[in-house]
Amino acid sequence: MWRKVLGLKALENNNGSVSIRVNSDEIIFIAKVNNKLYAMSGVCSHLKCILGNISEDKKHVICPCHNAEFELDTGKMVAPPFIAKDAPMDKLGLKIYSVREENGFIELDLN
């Protein structure tokens, strides 16, 4: 079921990415990069910091606490936190959500 969560202008006004609270207990990171929308869990799987920085190559989101990196396309952790180089990256990926733009709003499929 698709749910309207954010106006497109709000995303644009935040440099194309934002973490928002959806429902009472879920934080989702949304980004628009090169005209494509991405949505994933907005909480780092390492120490639960809120995500929000896009990498220079525009392919990853970086945790501001310890620089863990996650692929925008898949949610896969591709760089471990600098304080936990041996972190099991294959087990620390983030949930991905279907996302679309509809009539000036961002909608997520929260199922």
Q: Test F29 against the stated conditions and say whether it is modelled with pLDDT of 95 or more, closer than 27 Å to K4 by Cβ and under 11 Å from the mean Cα position of the chain (by Cα).
A: yes
Q) Failed condition for S55, given (1) out of contact with any helix residue (DSSP H, G or I) (no Cβ under 8 Å at 6 or more places or on another chain); (2) within 21 Å of F105 (Cα to Cα); (3) polar (S, T, N, Q); (4) surrounded by 15 or more Cβ atoms within 10 Å (Cβ to Cβ), with all others met? A) (2)
Q: Please find, within segment 92-104, the residue that is modelled with the lowest pLDDT out of those that are under 17 Å from the mean Cα position of the chain (by Cα) and of a type outside the set (A, V, I, L, M).
A: G93
Q) Just checking, how many residues over segment 81-104 are buried (at least 16 other Cβ atoms within 10 Å of the Cβ) and either among the basic types (K, R) or touching a strand residue (DSSP E or B) at 6+ places or on another chain (Cβ under 7 Å) (or both)? A) 7
Q | Qualifying residues in segment 1-28 (those that are in contact (Cβ under 8 Å) with a residue 40 or more places away in the chain and either crowded, with 16+ Cβ neighbours inside 10 Å or of a type in the set (A, V, I, L, M) (or both)) - the one farthest from E107 (Cα to Cα) | A | S17
(Q) Given the criterion surrounded by 12 or more Cβ atoms within 10 Å (Cβ to Cβ), farther than 13 Å from L108 by Cα and in contact with a Gly (Cβ under 6 Å, 6 or more places away or on another chain), identify the matching residue among M77, M40. (A) M77
Q) Can you name every residue in segment 62-72 that is in contact with a Phe, Trp or Tyr (Cβ under 7 Å, 6 or more places away or on another chain) and of a type outside the set (A, V, I, L, M, F, W, C)? A) H66, N67
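The values are calculated or read from the model by the stated rules, or taken from the named source; none is laboratory data. Computed from a predicted structure; not experimentally measured. Because the Cβ atoms are built from the backbone with ideal geometry, glycine has one as well, and the counts that use them run over all protein chains shown.
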